[in-house]
Amino acid sequence: MAAQPRPPLLQVEDLEVSFALGRGRARVLDGVRFTLDAGATLGVVGESGSGKSTLAAALARLPQAGLAITGGRIVFEGQDLLRISEAQMRALRGQRIATILQDPLHSLNPLLRIGTQIAETPMVHERLPRAQAWQRARELLAAVRIANPEARVREYPHQLSGGMRQRVAGAIALACAPRLLIADEPTTALDPTVQVQYLQLLKDLQRTHGFALVLITHDLGIVARVCDRVAVMYAGRIVELGATAQVLRAAAHPYTQALMASLPTAAGVAGSLPAIPGQPPDPALPPGGCAFHPRCAQVMPRCRSERPPDVTVGPAHLSACWLNAEAARPAAAAERST
Ligand code: SF4
């Protein structure tokens, strides 16, 4: 009998996050869908306001001021995270699902020693005795390449550099060997040399520990270096999704194409997302049809009124654009007639 394909570690279906607006709701995430296999890395890229940080928080069901998850499913290890209690979710967070946020100063408690903060997770979730949890804290500091962990473990966050604080955030995230790590712009607050070291560390830790990684970033260079697959977000929707090499080499969606075309060098993908003309839409006043149509150089009449479907443009490569839908139609008709 042929082996059954393994289900993905994470399956997100039609995820919707919105905020109250008068008598209705405005969508910040609008029908987000993707899957992530165990041990794989998905980069989520988009301009500010595209919804990528909202997605990161929603995946871990972290509270977000004024926002609520109003639809869809987040199936992790076969369990829909939107159908379990907050107590069950708390048990998963820090154990099976971990997060690293942009600014470790906000995620670390300034009043507690580093060791206390790392040891807390295994003490709470695994009921590890204090001495063993502190020993694990020292080992994790060594794993994230902090020199002299015996001494560092007793220090407070303000005694560490920004790069070291972000490594400590990584050690906390790994304290209970998660299967999914969600990192929201983890290198933004670091200088470029430290950024490269930190990303290399993340990849090395992933190889050793085997977790899947959702990496939120506005930097296509980071996506090219670190991610197997990339999801390009615009106005709360994934508009292109595929293998990183494929998307960066042959972007199908005009938004991705515009981002690529505006990069400073054709030879290499590097740096933050460039500015493209126009502004991302206000979620309270989204344009009709394709949300990108006011900025799209290839806009067609139907783009202003009809929402484009997700279209398969290559192996495991999707694009939400009417151009791709129209190009796919003759091919599908030809296939049907053979
Ligand atoms: Fe541009 Fe139309 Fe495609 Fe939207 S659907 S990206 S407006 S061509």
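The values are calculated or read from the model by the stated rules, or taken from the named source; none is laboratory data. These numbers were taken from a predicted model, which means no experiment stands behind them. Cβ: placed from backbone, ideal geometry, glycine included. Neighbour counts: every protein chain shown. Quick note on the areas: whole protein, heavy atoms, side chains included, nothing else; ligands and nucleic acids left out. Shrake-Rupley method; radii C 1.70, N 1.55, O 1.52, S 1.80 Å.
When all C-alpha to C-alpha distances in the range 161-234 are sorted into bins of 5 Å, what percent of pairs does each bin hold, rounded to whole numbers?
3, 14, 30, 27, 17, 7, 1
Under 8 Å for C-alpha pairs, at least 6 residues apart: give me the relative contact order for the chain, rounded to a whole percent. Provide the component values of the computation, followed by the final result.
Details: 613 pairs, mean separation 64.8, N = 338.
The normalised contact order for the chain reaches 19 percent.
So between Glu13 and Ser48, what do we pick up on full extension, going 0.36 nm a residue minus the alpha carbon distance?
Going from the current span to full extension adds 10.3 nm.
Counting only heavy atoms of the protein chains, get the accessible area per residue of the chain (1.4 Å probe) and round it to a whole Å² value. List each step's numbers first, then the result.
Working: 16200 Å² over 338 residues.
With all protein chains present, the chain gives 48 Å² per residue.
May I ask you to list the GluC sites (Glu not before Pro) in the range 1-110 that are in a DSSP loop and have at most 16 other Cβ atoms within 10 Å of their Cβ?
Numbers: sites: Glu13, Glu16, Glu47, Glu77, Glu86; in loops: Glu47, Glu77.
Here the GluC sites (Glu not before Pro) that fit, given the DSSP loop and packing criteria, are Glu77.
Using r as the Cβ-Cβ distance of Ala142 and Arg25, and R0 as 51 Å, what FRET efficiency do you calculate, to the nearest 0.05?
Values: r = 47 Å, r/R0 = 0.93.
After rounding, the FRET efficiency stands at 0.60.
What shape does the range 54-213 take by its C-alpha gyration tensor, where a ≥ b ≥ c are the square roots of the eigenvalues and a/c under 1.5 counts as rounded, a/b above b/c as prolate, and the rest as oblate? Could the numbers behind the result be given before it?
On the way: a/c = 1.74, a/b = 1.40, b/c = 1.25.
It is prolate, given that a/c is not under 1.5 and a/b is the larger ratio.
Between Ala250 and Ala327, what is 0.36 nm times their sequence separation minus the Cα-Cα distance? Round to one decimal in nm. Each step should come with its number before you reach the end.
Details: separation 77, 0.36 × 77 = 27.72 nm, distance 1.51 nm.
Using 0.36 nm per residue and subtracting the Cα-Cα distance, I get 26.2 nm.
Using 7 Å Cα-to-Cβ label points, what is the His106/Tyr156 separation (nm, one decimal)?
Those two pseudo-labels are separated by 2.2 nm.
Just the C-alpha atoms of the chain: what Rg/Rh do they give, with Rh taken as the Kirkwood radius?
Values: Rg = 21.2 Å, Rh = 21.3 Å.
Checking Rg against Rh, the ratio lands at 1.00.
Return the sequence-ordered ³J(HN,Hα) values of the range 216-224 in whole Hz as given by the Karplus equation 6.51 cos²θ - 1.76 cosθ + 1.60 applied to θ = phi - 60°, using x for Gly and Pro.
8, 7, 10, 10, 5, x, 5, 4, 4
Could you tell me what percent of the accessible area of the range 109-177 is made up of carbon and sulfur, with a 1.4 Å probe and every protein chain present? Could the numbers behind the result be given before it?
On the way: 1750 of 3380 Å².
Carbon-and-sulfur percentage of accessible area, whole number: 52.
If you plug each phi of the range 6-15 into the Karplus form 6.51 cos²θ - 1.76 cosθ + 1.60 with θ = phi - 60°, what whole-Hz ³J(HN,Hα) values come out, in order, with x for Gly and Pro?
Taking θ as phi minus 60°, the curve returns 6, x, x, 5, 9, 10, 10, 10, 6, 5 Hz for the range 6-15.
Quick one: go through the range 153-167 and flag any residue whose amide nitrogen is under 15 Å from the point 7 Å out along the Cα-to-Cβ line of Asp191.
161-165
To the nearest 20 debye, what charge dipole does the range 169-262 have about its Cα centre, counting +1 at the Cβ of each Lys and Arg and -1 at the Cβ of each Asp and Glu? List each step's numbers first, then the result.
Values: 7 positive and 7 negative charges, 59 e Å.
Roughly 280 debye for the range 169-262.
Quote to one decimal, in nm, the extra length available between Gln200 and Ala284 on full extension: 0.36 nm per residue of separation minus the C-alpha distance between them. Intermediate values should be presented prior to the final figure.
Details: separation 84, 0.36 × 84 = 30.24 nm, distance 3.89 nm.
Gain on stretching Gln200 to Ala284: 26.3 nm.
Please list the non-local residues whose amide H lies under 5 Å from the amide H of Thr41, H modeled 1.01 Å from N, same-chain partners needing a gap of 5 or more.
Leu213, Asp228, Arg229
log10 I(q)/I(0), Debye, Cα-only the range 109-177, no solvent, q = 0.11, 0.13, 0.19, 0.22 Å⁻¹?
Each listed q corresponds, in turn, to -0.20, -0.28, -0.61, -0.83.
Once you sort the root eigenvalues of the Cα gyration tensor of the range 1-134 as a ≥ b ≥ c, which label holds: rounded (a/c under 1.5), prolate (a/b larger than b/c) or oblate (the other case)?
Working: a/c = 1.94, a/b = 1.25, b/c = 1.56.
Oblate shape, in that a/c is at least 1.5 and b/c is the bigger or equal ratio.
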